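Structure record follows, encoded as structure tokens.
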Amino acid sequence: MAGVDDSSKKTLSAIPLLKTKAGPRDKELWPQRLKEEYQALIQYVHHNKKTDNDWFRLESNKEGTRWFGKCWFIYDLLKYEFDVEFDIAVTFPTTAPEIALPELDGKTAKMYRGGKICLSDHFKPLWARNVPKFGIAHAMALGLGPWLAVEVPDLIQKGVVVYKEKVV
Amino acid sequence: MTALDWEEVKRLAADFQRAQLSSTSQTLSERNCIEIINKLIELNLLDVIFTTDGKEYITPQYLVKEIKDELYVNGGRINLVELSHTLNVDLSHVSAKAAEVERSTPGCVIIMGQLIDQNYTTHIAQEVNDRLKSHGKITVADLTRTYDLPSDFLQSVVEKNLGKLIDAKQDKSDNRVFYTSAFVEKNKAEMRGVLTAITRPTQVANILQACDIQERDFYFAFESLTEEKQISGVLTAKQGGNSIFIPYVYTKQQNEWVDNFYKQNHYLEYDGLIRLGISEPVMFVRRHFPNVGLIELTTCAVGPHLINLLENSVEETLLTGSYLDTMMMLPSVLTTEDIAKLVELVLKRCKNKSAGNVQILCETVLVTEKFIQELMKPFHEKGIIQQKAEEVVASGQYMQILVERKLNKGGGGRDDHHEDTKAERREERRRKAATGKGGGGTQGRETKTKSVKKKHFEKKGGGRGDHEDSEGRLELFTVDEVEAELGKQLAEETEDLVKELAEQVTPLLNRVAAEEAARVFERSAATGAEARRKHHSQLQEFVDMKLIEIRLCEKGLKHFPSNGELQAKLGTHLVKSVGGDVANALFGFIGREMCSRSVDWEATSIEARAKVLTEISPDQGREHLTKLHKVLTSQAPTVDEFMATVEQAFAVADLIVKKPDKKKEK
């Protein structure tokens, strides 16, 4: 997994770390935090585009508590697209956001109910160590990205996921 | 504050969306690219050229463009290797494309791995023109050195632009050289000056050195000047540093000198011509005087005038019968050989019959037979011959020689005859040779020269013959004697001539003298024996008388007181005086008889006696005569001693000592 680590590290270096430790409940500081989150995401997306590694679309509600969008994975020259959604918990940023792919709910073992992906064991300690520096961008890069890379090919081979024509 | 923050969050959210929606840049990894391109090349879908480092590709069109650009940047000339370096493209591609450029662009060429375009050639032409303007002259070799381009190319460039961009002329003799007309004019002017100033033959090399001008330029200028007839002179050879420029002034002067010299002297000396700077005098003379009829000799050429002069003199000499030293008439530069040749020629021309009697002495002196006779006259007139002949007969030498000859050869008479015939024959031959020379008209030249040679030979042979003669015969005259005598007659002549004349005359004289001697001998031979006998008896008488005298005196002496000193002294005196007379008479006789020496026996002295003694051989009784001589020369000879020796000495000469005659004593 060194390769993953390497690439993830590289990815990490591309995402600026956050400073403000504030959850949605902190009326005063949450916008500040949200600003930082956006800035980090923008940076991350820019980086991805630049490295030809664009793999998601994400947007949030007005308050920035709920996020949704799409993510995709290219396998065998085919683009597999999935919806993605997650809420910012009150405990955020102490706890990581629980990213969910509702389409794949029940199709794989590595998933909680509601399609929440089962993140690897070492992600959570990593996050814990980096509170409050990690944000949504980091969760995407270090959580969802690797998960997709591991699970989607497996799912496709199993025939659980079938390529859908006319994917936008 | 919060509201503001939220505004900002909204704006950021929008930014985020925008960022997400912006198109992804399509990049391929390097590896992929390489693979893709390889694939394309494999499929012949793409034609590209790798750079040397392998990191870039360029299309051939672009390479062509790049080459053209580089060519332009580098001023129209670029090395393909350099080009391949700067463009970072393999040389093979570059040269291939350069060839394409050459084909497609007019005026573009590849030479020695260099690409050159029209601009550059024009540039060269302009530069050449500039150089020509400053230097006046340019060679393709120079250009090759400056531009480092092959001469053929430069040649073509220059020739192409000649008269257009380059204002110059091409050397006619060497098309690799170009001049400006100004340069040519300058050279011409300089040469005109220099060559006009030169008055004596000058080596072209020297001229070049002095004028600091190139040999080629010199000849170029010279040629054009000659065409314009602006040079007063010629070159001995075209091209080459050792050809010589000869100004007309000099030639003219030379010719004048030669003409004048010839007019004055009627001959031309080759050495003199060489001193004048004429390298081949013989040819020169032939060329210069083609119809004059000069006679070529080894050292000079002689004109007909001189020959005529000589001929006249020779004829005159022949007529008058004198001699002629041709050396005096001809210029002193002629060697004796030349003179001999001339004389031969002249003699040939002389139709005079008497030419046959001419001899050539000292190689240059003509002597007529008549003259030699003339020379011999004084010998006759002064009676020298007569005198000599008589002398030789009187001294008995003649006799002796006759005897010797008889002993050596046996039959002297016949031998004598033989000698005579030999001499006769020689004479005959001489005459023949001479007539051959005289009647020269019909005979070829060769025979004539031969005859002359023979004559020379003969002269020498004759000389030797004379020697032989003098051995066998008697030598009445030595050459030295004759020479001395002739010297008196011909005081103004050289010694050599006199000597030769003497050599010529001596044998003749000898012959005449020998004949004379023979005559004298015959005359005296009749009287000779008688005379001897007469001499002998005279001597006997004389001796007898003397001896009687001695005896008488001796007797008289005895009347002096005996053992007195006076008696002894008188005795000695007697012996020395009267005895001396006897001895002298004896020695004189013997001297004449035995040693063929003409000794006047009545006037013989003690010294003469000693001389006679040395000449007598021991078997002729020298012992006895010596004894007698000793007695007479001793301190105090006595009469007894004298008497004792005189008897034996008389025996030598067949004389008798008569017994004392008592009657007469009384």
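Consider A:K21 against the criteria (1) touching a Leu at 6+ places or on another chain (Cβ under 9 Å); (2) more than 11 Å from chain B (Cβ to nearest Cβ); (3) within 30 Å of B:E30 (Cα to Cα): it satisfies all of them except one. Which criterion is unmet?
So the condition that A:K21 fails would be (3).
Is it fair to say A:T91 is away from chain B (no Cβ under 11 Å), of a type in the set (S, T, N, Q) and either free of Cβ contacts under 8 Å to residues at least 60 places away in the same chain or open to solvent by 50 Å² or more (accessible area, probe 1.4 Å) (or both)? Before you say what the answer is, go through the steps one by one.
On the way: away from chain B (no Cβ under 11 Å): yes; of a type in the set (S, T, N, Q): yes; either free of Cβ contacts under 8 Å to residues at least 60 places away in the same chain or open to solvent by 50 Å² or more (accessible area, probe 1.4 Å) (or both): yes.
For A:T91, the condition - away from chain B (no Cβ under 11 Å), of a type in the set (S, T, N, Q) and either free of Cβ contacts under 8 Å to residues at least 60 places away in the same chain or open to solvent by 50 Å² or more (accessible area, probe 1.4 Å) (or both) - is met.
Within the stretch B:579-605, track down each residue that is at pLDDT below 70 and either open to solvent by 40 Å² or more (accessible area, probe 1.4 Å) or aliphatic (A, V, I, L, M) (or both). Working first, answer last.
Step one: filter the stretch B:579-605 for residues at pLDDT below 70, giving B:592-605.
Hits for the stretch B:579-605 are B:R592, B:E593, B:M594, B:R597, B:S598, B:V599, B:D600, B:E602, B:A603, B:S605.
For A:Q43, work out the one condition from (1) open to solvent by less than 70 Å² (accessible area, probe 1.4 Å); (2) within 11 Å of another protein chain (Cβ to nearest Cβ); (3) among the polar types (S, T, N, Q) it doesn't fulfil.
Going through the list (1) open to solvent by less than 70 Å² (accessible area, probe 1.4 Å); (2) within 11 Å of another protein chain (Cβ to nearest Cβ); (3) among the polar types (S, T, N, Q), A:Q43 breaks only (1).
Just give me the residues in the stretch A:48-69 being assigned to a strand (DSSP E or B), facing chain B (nearest Cβ under 10 Å) and not hydrophobic (A, V, I, L, M, F, W, C), in sequence order.
Here is the first cut: in the stretch A:48-69, the residues assigned to a strand (DSSP E or B) are A:56-60, A:66-69.
If we keep only those that are facing chain B (nearest Cβ under 10 Å) too, we end up with A:56-60, A:69.
Selection gives A:R57, A:E59, A:S60, A:G69.
Among the listed residues B:Q209, B:Q254, B:Q230, B:Q214, which satisfies the condition of being touching a helix residue (DSSP H, G or I) at 6+ places or on another chain (Cβ under 9 Å), open to solvent by 80 Å² or more (accessible area, probe 1.4 Å) and at pLDDT below 80? Steps first, answer last, please.
Values: B:Q209 fails: touching a helix residue (DSSP H, G or I) at 6+ places or on another chain (Cβ under 9 Å); B:Q254 fails: open to solvent by 80 Å² or more (accessible area, probe 1.4 Å); B:Q230 fails: open to solvent by 80 Å² or more (accessible area, probe 1.4 Å).
Only one candidate qualifies: B:Q214.
Tell me yes or no: at least one residue of the stretch A:95-103 is part of a helix (DSSP H, G or I) and in contact with a strand residue (DSSP E or B) (Cβ under 7 Å, 6 or more places away or on another chain).
Pass one, the stretch A:95-103, residues part of a helix (DSSP H, G or I): A:102-103.
Okay, now just the ones that are also in contact with a strand residue (DSSP E or B) (Cβ under 7 Å, 6 or more places away or on another chain), so A:102-103.
Yes: the stretch A:95-103 contains one or more residues that are part of a helix (DSSP H, G or I) and in contact with a strand residue (DSSP E or B) (Cβ under 7 Å, 6 or more places away or on another chain).
Just a yes or no: is a residue in the stretch B:35-45 open to solvent by 100 Å² or more (accessible area, probe 1.4 Å), touching a helix residue (DSSP H, G or I) at 6+ places or on another chain (Cβ under 9 Å) and away from chain A (no Cβ under 14 Å)?
So far as the stretch B:35-45 goes, yes, one or more of its residues are open to solvent by 100 Å² or more (accessible area, probe 1.4 Å), touching a helix residue (DSSP H, G or I) at 6+ places or on another chain (Cβ under 9 Å) and away from chain A (no Cβ under 14 Å).
B:Y120 - would you say it is touching a residue at least 12 places away in the same chain (Cβ under 8 Å) and under 30 Å from B:I213 (Cβ atoms)?
In short, no.
Being within 20 Å of A:F56 (Cβ to Cβ) and crowded, with 19+ Cβ neighbours inside 10 Å: is that true of A:L78 here? Break it down into steps so the answer makes sense when it comes.
Numbers: within 20 Å of A:F56 (Cβ to Cβ): yes; crowded, with 19+ Cβ neighbours inside 10 Å: no.
So A:L78 fails the test.
Given the conditions (1) in a helix (DSSP H, G or I); (2) open to solvent by less than 30 Å² (accessible area, probe 1.4 Å); (3) not basic (K, R), which single one is not true for B:E337?
Unmet condition: (2).
Any idea which of A:E85, A:E37 is more than 14 Å from chain B (Cβ to nearest Cβ) and modelled with pLDDT of 85 or more?
Details: A:E37 fails: more than 14 Å from chain B (Cβ to nearest Cβ).
None of the other options fit; the residue is A:E85.
Within the stretch A:95-114, is even one residue within 14 Å of chain B (Cβ to nearest Cβ), closer than 26 Å to A:V150 by Cβ and free of Cβ contacts under 8 Å to residues at least 24 places away in the same chain? If you could, list the steps in order and put the result at the bottom.
First, pick out the residues of the stretch A:95-114 that are within 14 Å of chain B (Cβ to nearest Cβ): none.
Taking every residue of the stretch A:95-114 in turn, none turns out to be within 14 Å of chain B (Cβ to nearest Cβ), closer than 26 Å to A:V150 by Cβ and free of Cβ contacts under 8 Å to residues at least 24 places away in the same chain.
Can you tell me which of (1) under 21 Å from B:K137 (Cα atoms); (2) modelled with pLDDT of 75 or more is the one B:G240 doesn't meet?
Every condition holds for B:G240 apart from (2).
Are any of the residues in the stretch B:76-96 closer than 30 Å to B:N187 by Cα, of a type in the set (S, T, Y) and in contact with a helix residue (DSSP H, G or I) (Cβ under 8 Å, 6 or more places away or on another chain)?
In the first step, residues of the stretch B:76-96 are kept if they are closer than 30 Å to B:N187 by Cα; the result is none.
Checked against the condition, which is being closer than 30 Å to B:N187 by Cα, of a type in the set (S, T, Y) and in contact with a helix residue (DSSP H, G or I) (Cβ under 8 Å, 6 or more places away or on another chain), the stretch B:76-96 yields no hits at all.
Determine, yes or no, whether B:Q17 is of a type outside the set (G, A, S) and loosely packed, with under 12 Cβ neighbours inside 10 Å.
Working: of a type outside the set (G, A, S): yes; loosely packed, with under 12 Cβ neighbours inside 10 Å: no.
Criteria not met by B:Q17.
Test each condition in (1) facing chain B (nearest Cβ under 7 Å); (2) touching a Phe, Trp or Tyr at 6+ places or on another chain (Cβ under 8 Å) for A:Q32 and report the one that comes out false.
For A:Q32, the failing item is (2).
Confirm whether A:L119 is farther than 30 Å from A:E28 by Cβ, open to solvent by 70 Å² or more (accessible area, probe 1.4 Å) and either within 14 Å of another protein chain (Cβ to nearest Cβ) or not basic (K, R) (or both). Write out each step before concluding.
Details: farther than 30 Å from A:E28 by Cβ: yes; open to solvent by 70 Å² or more (accessible area, probe 1.4 Å): no; either within 14 Å of another protein chain (Cβ to nearest Cβ) or not basic (K, R) (or both): yes.
When the stated conditions are applied, A:L119 does not pass them.
The values are calculated or read from the model by the stated rules, or taken from the named source; none is laboratory data. From a predicted model like this one, the values you see are computed outputs, not experimental measurements. Glycine also receives a Cβ, built like all others from the backbone with ideal geometry; neighbour counts cover every protein chain displayed. Ligands, DNA and RNA are excluded from the accessible area calculation, which covers all protein heavy atoms including side chains. Shrake-Rupley method; radii C 1.70, N 1.55, O 1.52, S 1.80 Å.
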